[in-house]
Amino acid sequence: MFKTILTVSFLLLLSTLTFAQNKSVYTPLTNDKCQVKVDSKLPIMNGLCPGIGGYNLGIADDDSRMSVSVVAPDKKVFDLDFWGYFNNFSYIGEQAEWRMKGKTPVGLIIRYNVSDQGDGDKKTSYLMVSKITPTKSCVVGIFKPSKSQNILAQQLADSASNKPCKKVE
């Protein structure tokens, strides 16, 4: 009897922990899934991609360099300024990973491929982690390639709302 109670308690604890964990939702960043759009509020905007929870992503491409802006449900635009972190040729990955707490996005992860020293063939694939709040979205961390790159990016995205914005150097 005592063993059964412990087993049930353990299963309830596991299900509570699983339920409390943030989850990932993916949205496309490819040209065929995004609207070509020019908006004076966004820098050199050439795409508006669907997001989640009322958010969308603005894609900017200028001189073979890409960046992303978060467009909040109230249409306020937060430029993530990927260009400010890397000057080399760059392009974003094919999807955005939104970290969700219930139905609310709390973090955003986007793969950012940057040419090494201007060489178009050699690139480094970073994960750009941003916080998503009703009043602020900004980059809070950048992860270089590693075996744990994805896990570390998700962990940071899950706690990003109370992290400071990363300074552009």
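No lab work stands behind these numbers, since they all come straight from the coordinates. None of the values given here were measured: they were computed from a predicted structure. Note that each Cβ is placed from the backbone with ideal geometry, even for glycine, and that neighbours are counted across all protein chains shown.
Structure data summary
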quantity: Cα-based convex hull, segment 21-162, per residue volume (Å³, whole number); calculated: 104
quantity: Interchain or long-range residues, amide H under 5 Å from GLY47's placed H; calculated: LYS37, ILE59
quantity: FRET efficiency, 1/(1 + (r/R0)^6) with R0 25 Å, evaluated for GLN117 and LYS147 via beta carbons; calculated: 0.55
quantity: Whole-angstrom gap from segment 133-151 to segment 56-89, using each part's C-alpha centre; calculated: 15
quantity: For segment 47-169, with +1 on Lys and Arg beta carbons and -1 on Asp and Glu, the positive-most of GLY84, VAL140, MET128 along the dipole; calculated: VAL140
quantity: Residue (of GLY93, THR104, GLN155) at the positive-pole extreme of segment 85-169, dipole from beta-carbon charges; calculated: THR104
quantity: For segment 61-137, alpha-carbon Rg and Dmax in angstrom; calculated: 13.5, 42
